[in-house]
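S.K.: Below you will find the structure I want to go over with you.
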Amino acid sequence: DLIQHFDDLAAKTAIPTLEDLLEHAHVLRECYATQAAYERAVDKSEHEEAEAHERFPEGTAWTAPCAPEEPTATSQKPPAGPQTHKEPAGFNGDRVLSNSILFLREFGWWVEMYYAIPEGDVGRLMEILKIYIFTFGGTANQNYVGYLLDLYAFLRYECSPDLKDGILNNFLFN
């Protein structure tokens with residue numbers, strides 16, 4: 001309970017300063033929500049070369065429970081249900097942590113858009129859409145990147161200022 005936690009700190013006169021909170025936020029962002037953090041999570045050597053405040057704590061390795069590798073003699077069909085994931089040989093990172101970092105990064109972009117739209121800040125919205133052009137560019141489906149790239153080029157280089165304002169204002173209402 002966050003409110004109770006700060007009530008307890010207030011009773012002890014130990015509430016952290018804004019500067020302390022901002023420093024902790026910076027460290028958390030660097031450790032768990034950046035592309036560099038992702039790279040440190042998937043490659044142990046990157047993690048070991050990072051500065052101390054950019055490293056995340058290391059735990060013990062997790063071993064998955066054993067699952068049958070081959071069909072039984074009575075049935076030649078593969079077993080139903082999810083298959084276990086095996087990392088490629090030589091992988092020394094933390095896949096769960098790296099996926100969590102990617103989620104936090106992308107969720108941060110979504111939150112930025114979520115707040116920019118009702119606040120009427122189309123500039124912030126366009127900055128996130130530019131990031132999404134490159135994000136979608138790395139996927140197998142190129143429809144989104146094509147749409148966003150066409151939209152950006154149209155707004156930036158082709159349309160009149162009045163049309164640009166109309167299109168951007170429409171983003172705020174739809």
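Nothing in this text is a laboratory measurement; each read-out follows from the coordinates by a stated rule. Just so we're clear, the structure is a prediction, and the values are computed from it rather than from any experiment.
S.K.: Just tell me, in residue order, which DSSP H segments of the chain are both 18 angstrom or longer along the helix axis (alpha-carbon based) and at least 0.5 in mean Kyte-Doolittle hydropathy.
M.R.: 122-137
S.K.: Right, next: Viscosity 0.890 mPa s, temperature 25 °C: give me the Stokes-Einstein translational D for the chain in µm²/s, with Rh taken as the Kirkwood radius over C-alpha pairs.
M.R.: For the chosen part, D equals 117 µm²/s.
S.K.: With N set to the number of residues, divide the alpha-carbon radius of gyration of segment 121-174 by 2.2 N^0.38 Å and report two decimals.
M.R.: The value comes to 1.16.
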